[in-house]
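The values are calculated or read from the model by the stated rules, or taken from the named source; none is laboratory data. Note that the coordinates shown come from a computational prediction; the quantities given were computed from them, not determined experimentally. Here the Cβ positions follow ideal geometry from the backbone for every residue, glycine too, while neighbour counts run over all protein chains shown.
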């Protein structure tokens with residue numbers, strides 16, 4: 001049982017992942033403290049893999065804080081990748097283990113900073129029998145992937161602090177052993193959107209301008225297709 005790593009460290013690391021886009025002293029200092037505590041806990045728990053990742057991430061974070069890596073995008077990206085690896089390692093040890101059933105569990109996470117859109121989607125999917133949670137930031141989304149363990153992720157592509165590529169990779173990695181669906185929505189078009197979709201390779205995409213109904217129809221179509229291919233999960 002990992003107490004600090006799962007209950008406190010995980011949330012701090014997810015917050016720090018987002019802070020890496022703006023590596024200021026105020027954003028990076030708490031990351032160094034959190035990683036140091038995680039490394040100490042990992043030593044006591046005989047987890048050299050987590051200890052090593054935490055120490056490497058702490059070293060890079062300190063370089064950012066001291067200005068040695070200021071302006072070096074590759075260094076920031078490297079710290080992000082280390083943080084992501086650590087996040088997945090912690091998720092595997094979470095107090096709420098990922099279910100290993102092959103079928104889909106009716107839990108859906110909506111990630112959208114538009115309250116109107118989030119409320120509309122939440123209500124629509126609740127009527128379809130889903131247990132729904134909605135969040136407006138990447139920090140909360142990453143935390144919910146571990147705590148809530150959704151089978152379906154419905155996310156806006158363009159939000160101020162959102163890296164939908166990282167979010168989707170973490171979601172799929174934490175869904176190992178059970179089916180998962182990623183459906184993206186966007187109110188914009190263009191090369192940036194095409195690049196994002198090519199990177200994420202979602203199960204479905206719906207233009208946000210189409211409204212709530214097409215999003216629900218897309219998810220339900222994919223859901224029914226997956227359910228037809230897999231046995232129902234316990235409790236369905």
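Based on what the data block shows, is residue 192 assigned by TED's automatic domain parsing to the domain that holds residue 156, at pLDDT 85 or above and part of a helix (DSSP H, G or I)? Steps first, please.
Details: assigned by TED's automatic domain parsing to the domain that holds residue 156: yes; at pLDDT 85 or above: no; part of a helix (DSSP H, G or I): yes.
So residue 192 fails the test.
Would it be correct to say that residue 122 is under 16 Å from residue 202 (Cβ atoms), crowded, with 16+ Cβ neighbours inside 10 Å and assigned by TED's automatic domain parsing to the domain that holds residue 212?
no
Which residues, taken from the stretch 162-189, are outside any loop (DSSP other than H, G, I, E, B) and over 24 Å from residue 31 (Cα atoms)?
172, 181, 182, 183, 184, 185, 186
Do you know which residues across the stretch 131-161 are surrounded by fewer than 22 Cβ atoms within 10 Å (Cβ to Cβ) and assigned to a loop (DSSP other than H, G, I, E, B)?
Those that are surrounded by fewer than 22 Cβ atoms within 10 Å (Cβ to Cβ) and assigned to a loop (DSSP other than H, G, I, E, B): 136, 137, 148, 149, 157, 158, 159, 160, 161.
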